Amino acid sequence: MAGRITLFRTTPRIVMGPGAIDGIGREVESLGATSVLVVTDPGIVESGLFSRVEASLKDAGREVRVFSDVTPDPRYEIVEACVSKSGTPDPDCIIGLGGGSPMDIAKCTAVVIANGGSIYDYLGVDLVPKPGIPTIMVPTTAGTGSEVTPIAILSDEGEKLKKGVVSSHLFPRVALLDPELTVSMPPHITAATGMDAWIHAIEAFTSVNATPMTDMLASRAMVLINENLRTAYAQGGSIEARAAMLEGSLLAGMAFANAGVTAVHAFAYPIGAEFHIPHGVANSIMLASVMEFNMLGNLPKFARMAELLGEHTGDLSQRDAAMVAVDAMKSLAADVRIPGSLAEFGIKEEHIPELAQGVMKVTRLLDNNPRTLTISDAEEIYRRVL
């Protein structure tokens, strides 16, 4: 920290608690917006969650439009479709309702409508010229933390990679978190999204760009998720566990929005884009292997993680304590039945060289990693989880 100038940014207004969704009309009204575009997916519409949002907006006298064609791991074309179907005149508020995919499409749509051009123009870091239309993010999973990040991730099927738009202009104006919206998540989605949030915290904590503030947020997120994911997975109706998971995801999002994530995500992007492995599952499969590689880059941090995860390290050396943390990661993934190998998704030895090349292209994340990674390292790490 000494000698470094750091910057911390996050969403300026965060509303949390059971029943919070019923006040979304007031949040839109406070932004001075009259015409609202809700960006979501077919499952959210079928579940009835959209109807609850729509009712609050109409009670507040707002015009409501909806784009519900968001797909998992959305391609650039979904942004173009959303922009073209947003209506005339342009909406003056966009709500992202769902998991990371609808929220990221909402962010990108807001940017393109306000700035013109194509989302292709803004892929990369700090390429968005001016703020987008004001957005409100409403997560229905406890996973991505997109409600408090300046990042949107899209799939590039041509390059078989996921790419990001990163800009402070992507920060939402409001994050609204209601645990009642997450109780209907089935166990496998609870597991995958919860592990994703946990990994955000772990990677932010071990990033070379971590600060005391991001460490505080990441530490609390790790504890909350470690203590509540098993309950949320096994007893989905527990509002207490669901609320804790949403809080953990939020705090992890704040942490990684400022410290960055590291090589786990870099490994997950190629396998997610090419083999369509759900993002949280892809991260979870890679977690322990990447962290075992990374721990030599910062043994004290990894040893501290073991304590945060409730493990007894006693008189263990830092290296042994660090391995206890890695073992704890394996244990949580196993308890919530995350798939344990790439082979389960059809990945074979012959795919590894190309996948490793994909990892090495994700320099934005590898620059945050606590240990330098070579392409031979990348190939070996993939082989460990084959």
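The values are calculated or read from the model by the stated rules, or taken from the named source; none is laboratory data. Note that the structure is a prediction, hence the values are computed from the model and not measured. Here the Cβ positions follow ideal geometry from the backbone for every residue, glycine too, while neighbour counts run over all protein chains shown.
Note on the stretch 161-181: among residues that are in contact (Cβ under 8 Å) with a residue 60 or more places away in the chain and part of a helix (DSSP H, G or I), the one that is surrounded by the fewest Cβ atoms within 10 Å (Cβ to Cβ) is S168. For E147, the requirement of being touching a strand residue (DSSP E or B) at 6+ places or on another chain (Cβ under 8 Å), surrounded by 17 or more Cβ atoms within 10 Å (Cβ to Cβ), of a type in the set (D, E) and part of a helix (DSSP H, G or I) is met. For the stretch 53-69, the tally of residues that are exposed (fewer than 14 other Cβ atoms within 10 Å of the Cβ) and either polar (S, T, N, Q) or in a strand (DSSP E or B) (or both) stands at 0. Residue-level analysis places G158 among those that are part of a loop (DSSP other than H, G, I, E, B), modelled with pLDDT under 95, over 19 Å from the mean Cα position of the chain (by Cα) and not assigned by TED's automatic domain parsing to the domain that holds I225.
For I347, the conditions (1) assigned to a helix (DSSP H, G or I); (2) at pLDDT 95 or above; (3) surrounded by 20 or more Cβ atoms within 10 Å (Cβ to Cβ) are fulfilled apart from (1). Residue check: F50 meets all listed conditions (1) assigned to a loop (DSSP other than H, G, I, E, B); (2) buried (at least 16 other Cβ atoms within 10 Å of the Cβ) but one, namely (1).
Here the stretch 317-334 is the region considered, the condition is being in contact (Cβ under 8 Å) with a residue 12 or more places away in the chain and either touching a strand residue (DSSP E or B) at 6+ places or on another chain (Cβ under 7 Å) or over 20 Å from A191 (Cα atoms) (or both), and the residue that is surrounded by the most Cβ atoms within 10 Å (Cβ to Cβ) is A322. So for the stretch 35-47 (the condition being within 30 Å of F275 (Cα to Cα), touching a residue at least 40 places away in the same chain (Cβ under 8 Å) and part of a loop (DSSP other than H, G, I, E, B)), does at least one residue qualify? Taking every residue of the stretch 35-47 in turn, at least one turns out to be within 30 Å of F275 (Cα to Cα), touching a residue at least 40 places away in the same chain (Cβ under 8 Å) and part of a loop (DSSP other than H, G, I, E, B). Taken over the stretch 87-97, the criterion of being more than 21 Å from S155 (Cβ to Cβ) and either of a type in the set (D, E, K, R) or touching a residue at least 12 places away in the same chain (Cβ under 8 Å) (or both) is satisfied by G87, P89, D90, P91, D92, C93, I95. Among the residues of the stretch 230-273, those identified as among the aliphatic types (A, V, I, L, M) and either at pLDDT below 95 or over 16 Å from the mean Cα position of the chain (by Cα) (or both) are A232, A234, I239, A241, A243, A244, I271, A273. Of all the criteria given as (1) in a strand (DSSP E or B); (2) over 28 Å from G164 (Cβ atoms), the one not satisfied by G96 is (2). Of all residues in the stretch 370-386, those that are assigned to a loop (DSSP other than H, G, I, E, B) have Cβ atoms under 9 Å from Cβ atoms of residues that are of a type in the set (K, R) and surrounded by 13 or more Cβ atoms within 10 Å (Cβ to Cβ), 6 or more apart or on another chain, in P370/K301.
Examine the stretch 62-70 for a residue that is of a type in the set (F, W, Y), outside the structural domain of I239 (by TED's automatic domain parsing) and modelled with pLDDT under 95, and state whether such a residue exists. Checking the stretch 62-70: not a single residue is of a type in the set (F, W, Y), outside the structural domain of I239 (by TED's automatic domain parsing) and modelled with pLDDT under 95.
To keep it simple, each residue is scored yes or no on (1) out of contact with any helix residue (DSSP H, G or I) (no Cβ under 9 Å at 6 or more places or on another chain); (2) without any contact (Cβ under 8 Å) to a residue 40 or more places away in the chain; (3) within 24 Å of A191 (Cα to Cα); (4) among the aliphatic types (A, V, I, L, M).
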residue: G99; (1), (2), (3), (4): no, no, yes, no
residue: T109; (1), (2), (3), (4): no, no, no, no
residue: I113; (1), (2), (3), (4): no, yes, no, yes
residue: Y120; (1), (2), (3), (4): no, no, no, no
residue: P139; (1), (2), (3), (4): no, no, yes, no
residue: G158; (1), (2), (3), (4): yes, yes, no, no
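Scanning the stretch 301-310 for residues that are crowded, with 17+ Cβ neighbours inside 10 Å and either within 18 Å of P370 (Cα to Cα) or over 24 Å from the mean Cα position of the chain (by Cα) (or both) returns K301, F302, A303, R304, M305, A306. Applying the selection to the stretch 71-91, what residues are at pLDDT 95 or above and buried (at least 18 other Cβ atoms within 10 Å of the Cβ)? If the condition is that a residue be at pLDDT 95 or above and buried (at least 18 other Cβ atoms within 10 Å of the Cβ), then I78, V79, C82, V83, P91 are the ones that fit. When each of G145, G124 is tested for being of a type outside the set (S, T, N, Q), outside the structural domain of A241 (by TED's automatic domain parsing), touching a helix residue (DSSP H, G or I) at 6+ places or on another chain (Cβ under 8 Å) and at positive phi, the lone residue that passes is G145.
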